[in-house]
1. Round to a whole angstrom and tell me the spacing of the C-alpha centers of region 53-92 and region 158-224.
2. For region 379-396, take each phi angle, set θ = phi - 60°, evaluate the Karplus expression 6.51 cos²θ - 1.76 cosθ + 1.60, and give the result in whole Hz per residue in order, putting x for glycine and proline.
3. Label point 7 Å out from Arg155 along Cα-to-Cβ: which residues of region 180-197 have amide N under 18 Å?
4. Would you mind getting me the FRET efficiency between Asp321 and Arg465? Use the beta-carbon distance for r and R0 = 41 Å, nearest 0.05.
5. Report the number of Lys pairs in region 1-99 whose alpha-carbons are under 19 Å apart, with separation of 8 or more residues or on distinct chains.
6. Using label points projected 7 Å from each Cα along Cα→Cβ, tell me how many nm separate Glu124 and Phe148, to one decimal.
7. Taking amide H positions as placed in the peptide plane 1.01 Å from N, state which residues far from Tyr366 in sequence (5 or more) or on other chains have amide H under 5 Å from it.
8. Of the heavy-atom accessible surface of region 1-93 (probe 1.4 angstrom), what whole percent is carbon and sulfur?
Amino acid sequence: MNVCLNFLRSAKKFGSKPAFIDGVSGAKISYQKALVAVLLLRKKFKTYPGKNVGMMIPVSGGAIISMLALLSCGKTPVMINYTTGVRRNCDYAKSKCGTRKVITAKALLSKLNVEQSAEMVLIEDVFKQFSVFAKLKAALIAKLPYNFLKKLFCRLDAKKNIVLLFTSGSESRPKVVPLTGKNVAGQILGTIKCYDLTAKDRFLASLPLFHVFGFQGNFCIPLYLGASIITLSNPLDYKLTCNAIKEHRASFIMGTPTFYAAYLRRCSGDTFRSVRVAICGADRLPKELHQRYVDEHNLFLIEGYGATETSPILTNNRFEDYRLGSVGKAFPGVEIRIVDAESGEDLPANQTGKILVRGDNVMSGYYRDVENTDLHFRYGWYDTGDMGCLDDDGFLWLKGRLRRFVKVGGEMVSLVAVESVLSEFFKGEDILFCVVDIPSEKKGAEIVLATTAKIDKAKMKKWVRENLNEISVPKTVFVLKRIPLLGSGKVDFRKVERVCRIFSQKRTILGQIADEIGVNV
């Protein structure tokens, strides 16, 4: 599937229809004007060195147009995460993907207080370079028939990369994931069929394009349909998001549980009246949060499961086939196996093991990374690194990341299970939290709780003890000003763990000093 030709078809069919609506200002860019902009930019971008070009622009019409322009001239966008360190991530993209140019925006650099480097190209400056004649020429070309225009666009083979994404890095150093037209094709068509999406739908684009969730839902699917995309550059501005949903009548929205919980604190009774499909992913959906949306807004949060490496959908619930607490059944074209974590043998229904998957949506391997590719692929099956089980009806139930199982005193403990029990303890309270493990000399690892508010530690420990077991009780509680999040809204477990380790080390040092001078602390 050629995403550029998908856009071209939509542009010729829906010329004057808004392709992009700025969620804050309300400014609109029609499909016809977007096509003119793509034709202008592609000639400039074609002169950039190398096959891979960095992209570092928040969600906007300009960002999506730039991606289309790169693809139309045979370049591959390398989507750089600007929320976890601009300079570091640009250097990482250069070393891993060979990017020599990074397309960015002046407003973003100013907001992040980052100086423009030699390889950075400001999209605002690029547009200023076009003469009136060049703009007029592009406008005239855009009027030509589809069959002529498609010859101008680079012919993207289904097996060629259409994007290079980075894994979230919530638990380890990011890996580079190449996705092809073949990878995303079934995902686009399958999603449209599952939720009866049409060109009349309006897509809220608030998730960053460097995240696979946003790349598919904000870019591939709506452009294929010819739908309008409501763009928001800052997904963490929850009030603006709620206003945009209401004012611009969004019918399709996506988010993480963190985002959906935050919307409830900023929305009004009619905020979600236009929403027809609300997809929730990237993290476990608490049952209480789901129920609040049903009770307060008559809105069903549809939970699914996926990964960057799988374009992303592996399973999803559907309106007519839903099981609360599960992440749904296998997405069309996806096969799932549950195997023993040690022996690799297939497990029967209702037994927990590692989740292996295969399908056209699964990448062929990590970009220029044979070692990690070999670690994650087994005889054509991709090892997700997640633990779960399939029930008798084929619904998948996640049990957490294999890396989020920790051995405490010789026993395996699921940190996700601890968080699930704690979510009931914090029920009704506006508290963000997560559970991580830090090294322990006595037990190998110690479970600790990070929260955004002081809590009754004794009650918390009693609750976990009674609802789980003694070994799963967090022994220490660290109160943080905020729980660090990735741009996608997922918890940045690496950063939380690092902060908790530092706090723990400081406590240990203070305790040693207190012992030496004979003072209780």
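1. Between the Cα centre of region 53-92 and that of region 158-224, the gap is 14 Å.
2. These are the phi-based 3J(HN,Hα) values: 6, x, 9, 8, 8, 6, x, 9, 10, x, 9, 9, 7, 5, 9, x, 7, 8 Hz.
3. Inside the label zone: 181-182.
4. 0.65
5. Value for region 1-99: 18.
6. 3.6 nm
7. Under 5 Å from the amide H of Tyr366: Thr373.
8. 56 percent
The values are calculated or read from the model by the stated rules, or taken from the named source; none is laboratory data. Since we're looking at a predicted model, the values are computed, not measured. So basically every Cβ, Gly included, is an ideal-geometry build from the backbone, and we count neighbours across all protein chains shown. Quick note on the areas: whole protein, heavy atoms, side chains included, nothing else; ligands and nucleic acids left out. Shrake-Rupley method; radii C 1.70, N 1.55, O 1.52, S 1.80 Å.
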